[in-house]
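The values are calculated or read from the model by the stated rules, or taken from the named source; none is laboratory data. Computed from a predicted model, the values in this text were never measured in an experiment. Here the Cβ positions follow ideal geometry from the backbone for every residue, glycine too, while neighbour counts run over all protein chains shown.
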Amino acid sequence: MAIIDAYTNEVEQTWCPGCGHYSVLRALKIALARLEIQNHQAAIVSGIGCSGRIGGYTKAYGFHGIHGRSLPVAQGIKLANKKLTVIAAGGDGDGFAIGTGHAMHAIKRNIDITYLLMNNQVYGLTKGHTSPLSDLNFVSKSTPLGQVEDPLRPSLLALSAGGGFIAQGFSGKQEELIELIMKGILHKGFSLINIFSPCVTFNPGKGYAWLRENLVSLGEDHDKKDYKGAFGAFLETSGLFTGLLYENDAPDYQSRIPLVSETPLTDLDIKNTRFLDGLIEEFI
Ligand code: SF4
Ligand code: MG
């Protein structure tokens with residue numbers, strides 16, 4: 001049996017031929033399998049967009065949230081059951097337009113989840129509109145004369161917000177992407193992996209050929225623990241790099257809460273807690 005079969009279900013995959021998201025899906029399945037995470041031990045949460053289908057295409061727990069809300073749902077799942085490996089996934093429109101507030105606070109909060117930003121710099125599902133991550137001068141149905149704003153830069157935002165694991169991958173560099181997802185899952189805290197995942201239909205100018213030519217690898221000598229150096233590496237490459245930009249070992253959210261039990265909420269016998277009885281009495 002191929003390693004990804006354990007995570008493959010019967011759902012028909014309807015992304016366009018050549019869409020970068022197929023590679024993200026495959027990399028996620030291989031990363032989960034290599035880490036020997038069983039189907040019932042993983043939850044994939046997505047928002048709205050072409051990227052939002054990734055949870056439905058994976059044989060694991062899944063929740064397809066509404067626009068920009070994958071991160072609040074993912075955080076709720078992790079808070080309720082910290083034994084689960086929780087993956088949030090979404091596109092640039094989903095995560096850094098309507099979901100920007102959630103993204104920034106999830107990064108700051110440092111809950112132990114992995115966020116796959118499937119970034120194609122366009123709204124694909126709505127048939128090609130400019131997103132907050134689209135390039136300056138990008139021509140689309142919503143900016144026919146070209147985008148006049150500069151794009152948001154998720155990895156820089158994450159660095160500024162105190163992100164403890166910030167990486168960038170590319171759908172066209174599958175083995176590196178698998179490694180980054182595995183490292184992100186193993187990192188104890190919030191992990192952002194900003195993935196260049198081409199929309200071959202509505203943003204062909206930022207396709208595989210362009211990305212292969214323009215993305216550089218951070219390389220072995222990049223010091224991922226150097227916070228100041230991470231800003232430097234980002235600026236030197238204009239953000240066009242793949243690899244692990246920055247990692248620290250700050251405690252994750254749940255380990256900072258003294259009263260949080262080692263037992264997940266989902267495993268507590270709530271019928272026998274004095275706390276619950278008192279709470280009920282207060283309300284009746
Ligand atoms: Fe992928 Fe773009 Fe097609 Fe959506 S529209 S499935 S993002 S290629
Ligand atoms: Mg998009």
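Computed quantities for the displayed model
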| read-out | value |
| --- | --- |
| Evaluation of Leu117 against (1) closer than 18 Å to Ala230 by Cβ; (2) of a type in the set (A, V, I, L, M); (3) surrounded by fewer than 20 Cβ atoms within 10 Å (Cβ to Cβ); (4) within 16 Å of ligand 1 (Cβ to nearest atom) (one fails), failing number | (3) |
| Conditions (1) closer than 25 Å to Val200 by Cβ; (2) among the basic types (Lys, Arg); (3) more than 16 Å from ligand 2 (Cβ to nearest atom); number of the one not met by Arg53 | (3) |
| Qualifying positions in region 38-68 - β-branched (Val, Ile, Thr), away from ligand 1 (no atom under 13 Å from the Cβ) and buried (at least 18 other Cβ atoms within 10 Å of the Cβ) | Ile44, Val45, Thr58 |
| Residue match in region 236-250 (condition: among the hydroxyl-bearing types (Ser, Thr, Tyr), surrounded by fewer than 16 Cβ atoms within 10 Å (Cβ to Cβ) and not in a loop (DSSP other than H, G, I, E, B)) | no |
| Filtered residues of region 1-21 (kept if surrounded by fewer than 17 Cβ atoms within 10 Å (Cβ to Cβ) and either within 16 Å of ligand 1 (Cβ to nearest atom) or more than 17 Å from Gly55 (Cβ to Cβ) (or both)) | Met1, Ala2, Ile3, Asp5, Val11, Glu12, Gln13, Thr14, Cys16, Pro17, Gly18 |
| Residue among Leu84, Leu116 that alone is aliphatic (A, V, I, L, M), closer than 25 Å to Ala250 by Cα and either over 15 Å from the mean Cα position of the chain (by Cα) or modelled with pLDDT under 95 (or both) | Leu84 |
| Subset of region 95-124 [more than 9 Å from ligand 2 (Cβ to nearest atom), touching a His at 6+ places or on another chain (Cβ under 9 Å) and of a type in the set (A, V, I, L, M)] | Ala97, Ile98 |
| Check on His67, away from ligand 2 (no atom under 12 Å from the Cβ), over 11 Å from the mean Cα position of the chain (by Cα) and closer than 22 Å to Ser140 by Cα | yes |
| Residue within region 27-49 that is within 16 Å of ligand 2 (Cβ to nearest atom), small (Gly, Ala, Ser) and touching a Leu at 6+ places or on another chain (Cβ under 6 Å) present | yes |
